[in-house]
Every structure is written in structure tokens, then in C-alpha cells.
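Accompanying notes for the structure given below.
The values are calculated or read from the model by the stated rules, or taken from the named source; none is laboratory data. Fair warning: this is a prediction, and the values are worked out from it, not measured in the lab. Virtual Cβ from ideal backbone geometry, glycine too; neighbours counted across all protein chains shown. Heavy atoms of the whole protein, side chains included, go into the accessibility calculation; ligands, DNA and RNA do not. Shrake-Rupley method; radii C 1.70, N 1.55, O 1.52, S 1.80 Å.
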Amino acid sequence: MAKKEEAPNMVERFAEFKELKNIDKTTMISVLEESFRNVLAKMFGTDENLDVIMNPDKGDVQIFQNLEVVPDGEVTDSNRQISLSDARADDDPDAEVGEEHTKEIIFANFGRRAILNLRQTLQSKILDLQKEAIYSKFKELEGELVSGEVYQTWSKETLLLDDDKNELLLPKSESIPGDFFRKGETVRAVIANVDNKNNNPKITVSRTNENFLRRLFELEVPEIHDGLIIIRAVARIPGERAKIAVESYDERIDPVGACVGVKGSRIHGIVRELRNENIDVIPYTSNPSLFIERALSPAKPSSMRIDNESKKAEVFLRPEDVSLAIGKGGLNIKLASMLTGYTIDVYREGVYEDEDIYLDDFKDEIEPWIIDTLKNIGCVTAKAVINTPRQALIDKADLEEDTVDEILEILKAEFED
């Protein structure tokens, strides 16, 4: 009776495994055979003399036990030997001592406990395989665009599910400022990191990663997708502003115009996706000074000195262009430095004399963060700070009055001869 009850269940289990995603047929067969062998080895003490033949298309399995034929009364190990009379009685009338007798084993005859043991072994191995397959699949997709439906949102992260119900984690730190998601909403991001600690794949996605901007442009601009236009560099301050440098392989194609689209049709969709992050599209050039000049747009440098070894650039501008080069909150100059790979210092043209001193030379007396703050508002030398109204230093650099007074005292002392 047990055989009739359990056998159909075995077929159902095969049907289930046939439908598993991310696991190829060859691997599935191998896992099924290994699971059978593990269970059989516990039952018989060994699986060395067992042949396990998988028929997943039919939904069944055949198991054969190869036994040595020995004289009657001399069987010492029933799992490896069979008596001559038993072999001849088991459908092998021509059996002889010393030969091998093959006996079919009906697994379902071993009862419910054996079936349950097999199922548990299978489930464990299949689960491990699925995890490995998920890890391998997404590891190859790092940096690529993915979409997921919002399943749940917590204070520090949002859980997304892709079309195959794989879990994607979007940390708060990888979300754009202003991101707010509702359950069921579709969210786009790039796969930032995939790890498999303790065979438990964790897929982390990002909307702040620079690759997110790259993939959006590839999606919106056919020329980039087709390789006619290449993205040379990207710099982002998520939710605020971004700069992207593009180059065309076809002289007939304007790379900037293609990226922006007619009346901004292409770039507008990207800007909306990035929560109204302003995007400057810049034509790339291998000429460092020209690239820096374009990166500092809308400011127009009068001249510059470049040290290619140290990757530093001193840019001189008309007084009215300094604030444009720096930008609101120092964003423009920061992004230009990120885009070009050069540390950029801006100077007011004609203001500095030979006896002037760079602020960097005062690091022993003025804290480095204060020097950086002053440089961000265009004051790169001592005289630039001294010639800037005291209140302007307080307001623009957001420094305390006592701090500004102390700085001015230190700098003026250098010129009191």
C-alpha cells in the first residue's frame, strides 16, 4: 500500500523541480542523483555498488543494486552480496558464483520516513543551488540598471522585488535626497553590490551611484546605447547637480545636442528621475586646460596654470566670474574637480601680487578645514582674504566672528614689516 501512495508523490516532486528557475537541467539532475545517493548511503551503508538513473522528463528514477553472487549460506554482507539461489530466483536463472547480479530497488517501498528524508535533502540542496544561482546572476549585473516594485519601506532602507520576486535592498544612503516611495510603486536603480555571506545573497541597489546616471543616459539616448557617443566622465552630488562629459565617434553627431534632445526632450526625463538634479552636459576633450575650462562653465577663465603631474590647476578669472566658477555652496568647482580629476583653485585676475602668500602656507596656524572653506569662496591667498570685507567672510564662509578676526590677525601679521 505504501508503494502506491508514495510513488505518485515522487512524480509530483520531479514536476516541481522541472519548473525551478535559474537552475539548468543538467545541474538539477546532478542534485537529484546526489540527494538519492546520500539517502541510500545512510540506508545501505554505502552507495558504491548502486546505479541511480534519473528520468526527470518522465518524472521517475530507477535504482539498481549490484551484488556479488556467493554460494548459499556464505552471505556476510547483504548490502554487497547475494546467495546463488536468491540470485537465480530473482529473475536471473543463469546466475553463477562470482558473477555480478543486478537487483532493482523500489525506493517508495522503504516507506514514508525514507521519502521524507529524501525530500528534506532535496529541498536543502535546491535552496542552496537557488541562492548560488541568484548570486552568480546578479554579480554579473553589478553596475547595470534594474527595476523593482516597492514591497516595504523602513527608516533605513526600502525593499524592492524584481519580476522574479528577487529581493533588492535600497539603503537610505543610496537614495536620492527627496526620494519617497509608496508600496507597489516601480523604482529604478543600479545594482551597486552583491555579496553572498553564509550563502545568503544580498543585492544592494543604488540611485546615487554615478552608474545610475550613465545607465539612464544609455536608456534615453540611442546614440549612447549604440556606441556612437561615449560617456567619458561623470560627477554627481545626488539630488543637487551633476556634470557629464561626452564624446562622439561620428563627427556628424553633436554629442551634447544628442544627449539634451530637441527642446530638452531627452534630458528632462533623466532630470525628473533624479528628483530635479541639474545636469550639465559637456563635450569631452583630451586637452586638460580646455576640459577644465568647459567643466567650470558658465564661468570663463582668463588663463590657467596646470601641473599635470600633481593634477593641480590654478585658474584665473575676472572678479565677476569667480562666484560663477565656485557656484552655490561650492558645487560647481567641486563637480569640475571631480569630473576632470584635477584639484582646481580659482584666483581673481589682477588682484594678487608677487609678495602674496597662499593660504596653504598657513596650515600650521589655521586649521585646514577653515582654509578649505575660504578657498571655496574664492579666497586662495592671504591678500584675497584681507581684501575681502570682514562681514562678507562671516556670511559667505559661514564662520564665527571671533574665528574671522583671528584669521585676519594672523594673515595681516605677515605683511606688517
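Just a few scattered comments:
- Tail beyond 22 Å, pair distance distribution of region 75-192 (Cα, percent): 62
- Here the accessible area is traced with a 1.4 Å probe on the protein chains. For the chain, carbon and sulfur cover 45 percent of it.
- Temperature 10 °C, viscosity 1.306 mPa s: under these conditions the Stokes-Einstein estimate for region 81-137, based on its Kirkwood radius over C-alpha pairs, is 107 µm² per second.
- Convex hull of region 215-319 built on C-alpha atoms - directionally averaged projected area, nm²: 7.9
- Candidates per chymotrypsin sites (Phe, Trp or Tyr not before Pro) in region 56-156, loop by DSSP, up to 10 other Cβ within 10 Å: W154
- Whole-percent pair-distance distribution, where bins are 20 Å wide, for the alpha carbons of the chain: 19, 31, 22, 15, 10, 2, 0
- Rounded to the nearest whole angstrom, the semi-axes of the ellipsoid equivalent to region 183-255, taken from the Cα gyration tensor as √(5λ), stand at 29, 14, 13, largest first.
- Alpha-carbon centroids, region 178-206 and region 47-125: separation in whole Å: 49
- Helix content alone sets the calculated 222 nm mean residue ellipticity of the chain: runs of n ≥ 4 DSSP H residues at -39500 (n - 2.57) each, divided across all residues, give -11500 deg cm²/dmol.
- Average accessible area per residue (Å²) across region 291-411 - probe 1.4 Å, nucleic acids and ligands excluded: 53
- Relative to the dominant Cα principal axis of the chain, helix 401-413 is inclined by about 60°.
- For the chain: relative contact order, % (alpha-carbon pairs under 8 angstrom, 6 or more apart): 8
- Normalised contact order of region 240-288, rounded percent, pairs of Cα under 8 Å and 6 or more residues apart: 56
- When Rg and the Kirkwood Rh are both derived from Cα coordinates, the Rg/Rh ratio for region 357-404 amounts to 0.91.
- Summary value for region 174-327: 16 percent relative contact order, contacts being C-alpha pairs under 8 angstrom separated by 6+ residues.
- Solvent exposure of region 183-278 as accessible area per residue, Å², 1.4 Å probe: 49
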